[in-house]
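Here is the structure we will look at, set down as structure tokens.
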Amino acid sequence: MLQTMDPEMGGTRESSIIAENEDAASFVERGDRARNACDWVAARAHYEAALRIDPDLAQIWVQLGHAAKESGDYGAAEYAYQKAIALIPADADAHLQFGHLLKVTGRLAAAFAFYNRALTLNSNLSDAKLEIDGLRQLQTKRNAAPVEFAQTSAGTRGGSVFGILHPTSLSGPDFLCIGMARAGTGWLFDQVRYHPDFWMPPIKEFGYLKRGVVGLKENAKKRLQVLRDGNAKNLAGWSNKQPGDTRDIAFLEEAALSIGDPLDIMSYAALFRYKEGALSGDITPGYCALDPTIITELAGALPSAKLVLMVRDPVERAWSRLSMWVRRGTFDAGIAETPAAFADFLNTDERLKRESFPSAVVQRWRTHAPCLELRPFFFDDLVLEPQRLRHDILLYLSADPGKKGGEQEVGYNRKAKKRLNIEMKDATRSILVEHFRDELFACAALFGGAAKAWPGRYGL
């Protein structure tokens, strides 16, 4: 009796027929013959049949990946290689082959990660060495993925019903701080980067997810050049580097390589493999206004990531932001002294509008990433009770609050000298309060805690 292969295996259903008494080995043999003849469609059908009988054949998942890749179904190839790695996580060749696929599909940072892992598993793997050297020397990178891949990036790929599996070795960040600017994110970065339970990337606010087609900030490239120029001592000011720990430099090297690559969640997750067994995260205040499609994709790929939102009284936060812009020369302080002009600025300036309403930030993330745990923390508590705030955040992030964070004082604020705000006159305050009136009440109702006192602070 013959039966059609379960559609969940994907691929060439019309040719995937399993005889009742045949075993996996016979299909593997047929698949190998088809592979040797470069008949990739037939090879794929036979390998799929073998795996339907015995899904634990790790090396056949690798062969299925080859066949799917050669037949142009990159989505199915991706799934097959990841299944192989899940079954044989110490297999260097599986990582190498997956690296080849990632390179073909334009995801160079992720390819670099898998080549690097392959070389770690087998230091004599010459192909991995050549690929790593080639990526390091690459001057002109692809600006987009190949057409075949880009056309099938959403939903099922290449007609296959294979899902996308994100391997545990590339589990990505444990948390994302999604804002807000001028609300204590710098303090948070210092608290976790000096804590022994964490390894943090040596770039705060590298903003990988903020752009649709661009990777990390140029800061990665600049910092890497500084290190290559023989100034490795500078790294201590960027991260919690330990003697003999090369992870920070490796991260910067890979981050610089990814600049210009398409945004890809796998590449993003790959960057965090340097955490090894530690906790790690991405602190980028600009994520408060992240595009909803990216939020949805992130939530699907990293369902265990926790979200941190540092919240501050909207009036105080906006004025602190404007003061910073004055120092940078990007805002004319004279506008704030003209009531009509200032009110118009608050209503029209997109930079300020997209980051100034914490209730809207929470709504955006909870709507498009309902599976992700989100918790707000108050700037007010940082000012009044930094030790308790540190304790609460570390507990939330599954770290041990009892461990000391190096020599870092819990109340340390490296931006204190930079936070000298310009004077807020009464008329200016009145305009700000009126502008944020509804938001002050919305925050009090949504967040509770310190936010309950915000309306009363302004006589509302």
task = Restricting attention to helices (runs of 4 or more DSSP H) lying wholly within the range 71-136, give those where 1 or more residues are acidic (Asp, Glu).
result = 74-87, 92-104
task = Name, by its number, the condition in (1) open to solvent by less than 10 Å² (accessible area, probe 1.4 Å); (2) under 14 Å from Phe206 (Cβ atoms); (3) over 15 Å from the mean Cα position of the chain (by Cα) that does not hold for Ser267.
result = (3)
ask   = Tell me, which residue of the range 194-241 that is open to solvent by 20 Å² or more (accessible area, probe 1.4 Å) and β-branched (Val, Ile, Thr) is modelled with the lowest pLDDT?
value = Val213
task = Given the conditions (1) part of a helix (DSSP H, G or I); (2) closer than 20 Å to Asp174 by Cα; (3) at pLDDT 80 or above, report the number of the one that Ala250 does not fulfil.
result = (3)
message = Show the residue pairs meeting these rules: Cβ distance below 6 Å; 6+ apart or different chains; first residue within the range 24-48 and within 13 Å of Gly65 (Cα to Cα) and of a type in the set (Lys, Arg); second residue open to solvent by less than 10 Å² (accessible area, probe 1.4 Å) and part of a helix (DSSP H, G or I).
response = Arg35/Ala43; Arg44/Ala67; Arg44/Ala68
request  = Can you run down the residue pairs with Cβ atoms below 6 Å, 6 or more apart or on separate chains, where the first is in the range 382-402 and in contact (Cβ under 8 Å) with a residue 60 or more places away in the chain and within 15 Å of Phe189 (Cα to Cα) and the partner is among the polar types (S, T, N, Q) and surrounded by 14 or more Cβ atoms within 10 Å (Cβ to Cβ)?
outcome  = Arg390/Gln191
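Criterion first (surrounded by 12 or more Cβ atoms within 10 Å (Cβ to Cβ) and either under 30 Å from Ala343 (Cβ atoms) or at pLDDT 90 or above (or both)) does Val383 satisfy it?
Spelling it out, Val383 is indeed surrounded by 12 or more Cβ atoms within 10 Å (Cβ to Cβ) and either under 30 Å from Ala343 (Cβ atoms) or at pLDDT 90 or above (or both).
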ask   = Taking interchain pairs and intrachain pairs at least six residues apart, which have beta carbon atoms under 7 angstrom, with the first residue in the range 349-365 and farther than 14 Å from Asp291 by Cβ and the second open to solvent by 70 Å² or more (accessible area, probe 1.4 Å)?
value = Ser359/Leu446; Val362/Leu446
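The values are calculated or read from the model by the stated rules, or taken from the named source; none is laboratory data. All figures in this text were calculated on a predicted structure; none of them were measured in a lab. Cβ coordinates were reconstructed from backbone atoms using ideal geometry, including for glycine residues, and neighbour counts include every protein chain displayed. In case anyone asks, the SASA skips ligands and DNA or RNA and just uses the protein heavy atoms, side chains included. Shrake-Rupley method; radii C 1.70, N 1.55, O 1.52, S 1.80 Å.
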